[in-house]
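Inspection log for the structure reproduced underneath, given as structure tokens.
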Amino acid sequence: MSDKATPLSISNAELELTQKIQQHFPRGSIPKEVLSRWNSAPAEMLRSHLEATFGHFPKTDEKNVALYKEETKWRKENGVIYLPPLTTDGTTGEGWITRLGSKGIYLEDDARRVLRSPDFQPTKAGTVIEVAVLRGCLFENDDRTMKNICDYAEAFQTPDKRNLLKSNAELACLIREKFTDEEIEEMGLLRIIAVHELIKGFLLCARRHVVGRWLNACHGRPNGRWLRDSGFAFALSQVSSQS
């Protein structure tokens, strides 16, 4: 048998932390040669620097890592998709146009008009929005209208007794930014419509497309019919303190 020592490997949690450290800095702020040296550094060196910077690294295992990923991912339950919490930062409509565009997301002309409307008012920075998405498959084709969807949402309660509320229009921007087209497809959806008060007659919508990620504006007519592969995003009310 060989008496060569088995090289030390860093854990998944340690690897994820080093990746997050790199992603935290704007592209180009860390010289390529520095990144190259870190990426090729021995595991012993990486672990030593991580522990020196952050203290003793918490012990973990594959089960905990899988649980963490599950808690930060969307989940599907009885035709409803629950998204991980989304946090606002006070970005204005004009700010969203720039922000999404810089990430290669296309904005439909009507979506730009909605974002530039004085009626688009972001919530206070730091607001946490929990989201439930009603899937179109919950409704028969002839019944899948915005009026019926909103009526259904008004009567709906989650298992923990929370209600569905109309959201702020910025929710569509947050969803579009966070979720890739592949993730929206994995949800079984073509588009996710944020159900908010109409702005210029439109609802903002995160839509996947063969030519890229899009933020669209959809007509919000009460009796207009929607396709089965549409999802309708509502904000969840706070958990009641009453037993």
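The values are calculated or read from the model by the stated rules, or taken from the named source; none is laboratory data. As the structure is a computational prediction, the values presented were derived from the model and not from experiment. Backbone-built Cβ (ideal geometry, glycine too); neighbour counts: all protein chains shown.
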Identify, please: which residue in region 178-203 is in contact with a strand residue (DSSP E or B) (Cβ under 9 Å, 6 or more places away or on another chain) and part of a helix (DSSP H, G or I) and is, among those, surrounded by the most Cβ atoms within 10 Å (Cβ to Cβ)? ILE184
Can we say ALA153 is among the small types (Gly, Ala, Ser), at pLDDT 95 or above, buried (at least 19 other Cβ atoms within 10 Å of the Cβ) and outside any loop (DSSP other than H, G, I, E, B)? no
Residues to consider are ILE199, ILE192; find the one that is in the same structural domain as THR87 (by TED's automatic domain parsing) and under 16 Å from the mean Cα position of the chain (by Cα). ILE192
Checking GLY126 against (1) part of a loop (DSSP other than H, G, I, E, B); (2) touching a residue at least 60 places away in the same chain (Cβ under 8 Å); (3) touching a strand residue (DSSP E or B) at 6+ places or on another chain (Cβ under 8 Å), the condition it does not meet: (2)
Please verify whether VAL131 is assigned by TED's automatic domain parsing to the domain that holds GLU197 and under 20 Å from the mean Cα position of the chain (by Cα), treating the condition exactly as stated. yes
Report whether or not PRO159 is in contact with a helix residue (DSSP H, G or I) (Cβ under 7 Å, 6 or more places away or on another chain) and assigned to a loop (DSSP other than H, G, I, E, B). no
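When region 157-170 is examined, which residues are found to be within 21 Å of LEU203 (Cα to Cα) and either exposed (fewer than 12 other Cβ atoms within 10 Å of the Cβ) or among the hydrophobic types (A, V, I, L, M, F, W, C) (or both)?
Correct list: LEU164, LEU165, ALA169.
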Top-ranked residue in region 204-217 [being part of a loop (DSSP other than H, G, I, E, B) and charged (D, E, K, R); ranked as surrounded by the fewest Cβ atoms within 10 Å (Cβ to Cβ)]: ARG213
Among LEU138, LEU227, which is the only one that is surrounded by 15 or more Cβ atoms within 10 Å (Cβ to Cβ) and either in the same structural domain as PRO84 (by TED's automatic domain parsing) or over 24 Å from ARG112 (Cα atoms) (or both)? LEU138
